[in-house]
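Everything below concerns the one structure shown next.
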Amino acid sequence: MADDQRVFLITGAAGKTGHAGVESLLARGHTVRALVRQDDDRARSLAAAGAEPVVGDLLDLDDMSRAMRGVSGAYFCYPIREGLIEATTVFAQAAVEAGVRSVVNMSQISARRESKSNAARQHWLSERLLDRTDMLVTHVRPTFFTAWLVDWWERRDGEGALRLPFGHGRHAPVAEIDQARVIAAVLADPEPHNREAYTLHGPIEMDHYEIADAVSGELGIPVHYEPISVEEFAAAMTSRGLPAHLVQHLSNVAVDYQQGIFAGTNNVIEDISGSVPLTVEQYVAGRREDFRTSGPNFVPRPSA
Ligand SMILES: NC(=O)c1ccc[n+]([C@@H]2O[C@H](COP(=O)([O-])OP(=O)(O)OC[C@H]3O[C@@H](n4cnc5c(N)ncnc54)[C@H](OP(=O)(O)O)[C@@H]3O)[C@@H](O)[C@H]2O)c1
């Protein structure tokens, strides 16, 4: 790859798919600029890995123009926060002005015109906005990430619990590293993927009873899935201080989940990246430390 002069921009580079995206592009021998919101240890570790960190705000046109200079392909990733449409507009304008050729856009499987989640509908609108540019555009629409298991995990009295409003719904949890390999492969060779919207799934579709069993088997402790109502879930998120926009999104995609919108599996990750995606067991095995304590968002059991 020594003769490849292209520079790739990864936004959200301190986050899950962004960080893994930087790693995947570097592993392929590419030059990577990594957009971070703040200059902190995460930015320093991206620099140590070989990326060029640039501090900027996805909502700031001047910052994004600076970040796009000389860039061939860019990954757009904005969290579930207010401002997605504005960030997409700023990103698209800066990219077009800078002559960026291709974009991979992080969307999600629930992105639909009729989505009840405001964030999911905004993802759908952002896809349409990017499609109206003359860049090569590819959308990735993952199901729930395997990282959910860490965020919503309760560890207490030597046991684990997942209290979530998913009933008997199913999905195939997808790891950030597997998504990142797809993002890197598409950035490296964008033409065949132009105007595609790829749903990204892990290898095995499971309900949360099966997921709890898989985590239990890997950690060697009892793990319980306790289905809760969407109302209890929303109240717990609100009392934890999570933003109203995120609570509105997650409450509505929980209903989507129960109705099968997040279900399914496919071969997209292997076909595009050449790598077999991680199972839940493999993911947990790689992050055992993270399961020793409760995650940031867990919904406590009533007796806690
Ligand atoms: N989690 C899931 O199960 C799931 C499923 C399907 C799709 N998705 C999609 O995945 C996306 C999130 O991806 P992710 O989980 O990889 O991201 P993430 O871990 O939430 O990280 C997002 C990064 O963006 C940075 N950021 C936030 N606001 C910014 C701004 N104004 N300017 C510049 N940077 C900013 C954050 O910086 P700080 O860390 O400094 O705050 C953070 O590092 C969302 O669009 C979501 O819809 C998620």
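Long-range amide H contacts for A147: which residues qualify at under 5 Å (H placed 1.01 Å from N, peptide plane, sequence gap of 5 or more or a different chain)?
When sequence neighbours closer than 5 places are left aside, the close amide H contacts are E176.
Please report the antiparallel percentage of the DSSP beta bridges confined to the chain, to the nearest 5.
Around 15 percent of the beta bridges assigned by DSSP in the chain are antiparallel ones.
What's the center-to-center distance, using Cα atoms, between the stretch 211-273 and the stretch 111-164 in Å?
10
Roughly how many debye, to the nearest 20, is the charge dipole of the stretch 1-132 about its Cα centre, given +1 on each Lys and Arg Cβ, -1 on each Asp and Glu Cβ, and no other charges?
460
Report the gain in length on full extension from R195 to R113: 0.36 nm times residue separation, minus Cα-Cα distance, nm rounded to one decimal.
Extra length from R195 to R113 when fully extended: 27.8 nm.
How charged is the neighbourhood of R69? Take every other residue with its Cβ under 13 Å from the Cβ of R69, and add Lys/Arg as +1 and Asp/Glu as -1.
For residues surrounding R69, the net value is -2.
Lys/Arg Cβ at +1, Asp/Glu Cβ at -1, dipole of the stretch 171-304 taken about the Cα centre: which of A254, N267, M237 is farthest positive-ward?
Positive-end residue among those listed: M237.
For the chain, compute Rg over Rh where Rg is the Cα radius of gyration and Rh is the Kirkwood radius from the inverse mean 1/r over Cα pairs. Spell out each step's value before the answer.
Details: Rg = 19.1 Å, Rh = 19.8 Å.
A ratio of 0.96.
If each residue of separation counts as 0.36 nm, what is the full-extension length gain between R156 and D60 once their alpha-carbon separation is subtracted?
30.3 nm
Can you pull out the trypsin sites (Lys or Arg not before Pro) in the stretch 162-255 that DSSP calls coil and that have at most 13 other Cβ atoms within 10 Å?
Passing both the DSSP loop test and the Cβ count: R195, R240.
To the nearest 20 Debye, how big is the dipole of the stretch 253-304 about its Cα centre, given +1 on the beta carbon of each Lys and Arg and -1 on that of each Asp and Glu?
340
Can you list the HN-Hα couplings for the stretch 39-56, worked out from phi with the Karplus curve (6.51, -1.76, 1.60; θ = phi - 60°), rounded to whole Hz and with x for Gly and Pro?
8, 9, 4, 5, 5, 5, 6, 5, 5, 5, 6, x, 8, 9, x, 9, 8, x
Could you tell me the largest-minus-smallest coordinate of the C-alpha atoms of the stretch 88-142 on each of the three principal axes, in descending order and whole angstroms?
Each principal axis gives a Cα extent; for the stretch 88-142 these are 35, 18, 13 Å.
Where does the stretch 218-263 land on Rg(C-alpha)/(2.2 N^0.38 Å)?
The stretch 218-263 yields a ratio of 1.38.
Could you give the spread of the C-alpha atoms of the stretch 256-304 along their three principal axes, from largest to smallest, in whole angstroms?
46, 32, 15
FYI, it's all coordinate maths here, none of it is from the lab. Everything numeric in this text was worked out from a predicted model, so none of it was measured. FYI the Cβ positions are ideal-geometry reconstructions off the backbone, even for glycines, and counts take in every protein chain you see.
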